[in-house]
1. How many residues does region 1-58 contain that are modelled with pLDDT of 90 or more and closer than 24 Å to Arg258 by Cβ?
2. Since Ala296 meets every condition but one in (1) in contact with a Gly (Cβ under 9 Å, 6 or more places away or on another chain); (2) assigned to a loop (DSSP other than H, G, I, E, B); (3) more than 22 Å from Thr262 (Cβ to Cβ), which condition does it not meet?
3. Find the helices (runs of 4 or more DSSP H) located wholly in region 186-289 whose residues include 3 or more that are in contact with a strand residue (DSSP E or B) (Cβ under 7 Å, 6 or more places away or on another chain) and modelled with pLDDT of 95 or more, and list them.
4. Pick out the one residue from Gly139, Gly91 that is within 16 Å of the ligand (Cβ to nearest atom) and closer than 13 Å to Ala226 by Cα.
5. Kindly evaluate Ile371 against the criterion of being within 16 Å of the ligand (Cβ to nearest atom), within 18 Å of Leu281 (Cα to Cα), modelled with pLDDT under 95 and not basic (Lys, Arg).
6. When residues of region 185-204 are filtered for being within 22 Å of Leu99 (Cβ to Cβ), among the aliphatic types (A, V, I, L, M) and open to solvent by 10 Å² or more (accessible area, probe 1.4 Å), how many remain?
7. Can you tell me which residue in region 222-245 is most open to solvent (accessible area, probe 1.4 Å), limited to those that are near the ligand (Cβ under 10 Å from one of its atoms) and more than 14 Å from Leu263 (Cβ to Cβ)?
8. Could you say which residue among Thr135, Thr124, Thr165 is assigned to a loop (DSSP other than H, G, I, E, B), outside the structural domain of Gly344 (by TED's automatic domain parsing) and surrounded by fewer than 22 Cβ atoms within 10 Å (Cβ to Cβ)?
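The values are calculated or read from the model by the stated rules, or taken from the named source; none is laboratory data. It should be emphasised that the depicted structure is a prediction, and the values quoted were computed from it without experimental measurement. Heads up, the Cβs are rebuilt from the backbone with ideal geometry, glycines too, and the neighbour counts pull from every protein chain shown. Ligands, DNA and RNA are stripped out before the accessible areas are found, and what is left, the full protein with its side chains, is counted by its heavy atoms. Shrake-Rupley method; radii C 1.70, N 1.55, O 1.52, S 1.80 Å.
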Amino acid sequence: MSAADSSFDSHRPETLAVHSPQPEIRGSRPLGVPLHQGHVFAFETADAMAEAFHSTDTFLYSRMGNPTVRALETAVARLEGGAAALSYASGMGAINGVLLALLSTGGHVIAQRCLYGGTYALLTDLAARWGVDVTFVSGTDPDEVRAALRPETRLLYLETIANPTTRVSDLPALIAVAREAGVPSAVDNTFASPLLCRPIEYGADIVVHSATKYLAGHADVLGGIAVFKDEELYGRVRHYAVEQGAITDPFAAWLTLRGLQTLPLRIERQCANAAGLAARLAGHPAVAAVRHPALAGHPDHEVAARLLPKGGGGVVSFDLAGGREAGRAVVEGVRLASLSASLGDVKTLVMHPASTSHRQLDAAALEAAGIGPGTVRLSVGIEHVEDLWADLEQALEKAI
Ligand SMILES: *Cc1c(COP(=O)(O)O)cnc(C)c1O
């Protein structure tokens, strides 16, 4: 129906109010991706509608696909070098979508031990409730993966940069072992972003993101995305995604797309700021240890130099010599940085894992996760590095 459609002139106000015409755009195109908020699409013929049920290209009902959401999926698939992507309501929605689509009772997963807390909880829950066995490995030793393989192994699950230790997995070596055994690999690339690392180039079959973090980047939207190396795997996971229904609202996809356009600039600044702050922290008397992949003393510095040549990411963690009390004093003492649980934002965020995200862990479990009582995690934003350092310095004074 066009604005000039005169057949509607005879209708009554009750009908006209419902059937407002959609403007046609002629001779130009919108520069930004339009927000298609509608959840359902209309057809001219029953056959066309029937065909849409079996097509991924014709939009029918937004749980199965939406043009704005598809624009985001295509953009991230291209950035990661994948064939296709599926967008979800959150990072955990994406991780659930991939795990539940590929696993069933009796199956086995090999996963890195130091994982995002939500993923670790999900894997242990899958084991307890659905009989999926999980073997945790260090993420640094290919032989450990080889030894863990079983005939029923269905997935190898890794993270590019682990939280909050900033350990860097040797993706090519670990993935190659799984690949030889015909086992697909999934990599959570949230901390690196496709600007720093593209796991599909190292053989990964699936890449997942919490788009909430770097991809969107502005603390205004939750989102998740899974990128697939090939169409076959995409088809399998999409089949389940439509049943799962943890899809992205078009407005959330639109906000993520808006953020994505400046991802390269943000990542560049965040990496430079993080490397600058890490070097200064290492020389401060209140600080016992600093972890950032770009630092020469990092345990995976050689792997990081190979996999993350453009920068070690925006997350730095450091241990205060004064332990738990010093850690709390620093995160409560910053004024420019915010005490917040997220990361990847344009603003700098700090947190003290031992008293917040990891408070349930006892001393031994904390140590196994690479977290000390005085560990502080810093997600570095895009502010001026001198302002960030001045803020950290005045907070560190309180920790000496
Ligand atoms: C935040 C995060 C998730 C979970 O993402 P949500 O969008 O919060 O559901 C998964 N993995 C990593 C590495 C994360 O940082």
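1. 14
2. (1)
3. Values: elements: 193-196, 231-244, 250-260, 263-282.
Ranges flagged: 231-244, 263-282.
4. Working: Gly139 fails: closer than 13 Å to Ala226 by Cα.
When all the criteria are applied, what remains is Gly91.
5. Details: within 16 Å of the ligand (Cβ to nearest atom): yes; within 18 Å of Leu281 (Cα to Cα): yes; modelled with pLDDT under 95: yes; not basic (Lys, Arg): yes.
So Ile371 fits the description; yes.
6. Qualifying residue count for the region: 1.
7. Going through the qualifying residues, I end up with Leu222.
8. Working: Thr135 fails: assigned to a loop (DSSP other than H, G, I, E, B); Thr124 fails: assigned to a loop (DSSP other than H, G, I, E, B).
Result of the check over Thr135, Thr124, Thr165: Thr165.
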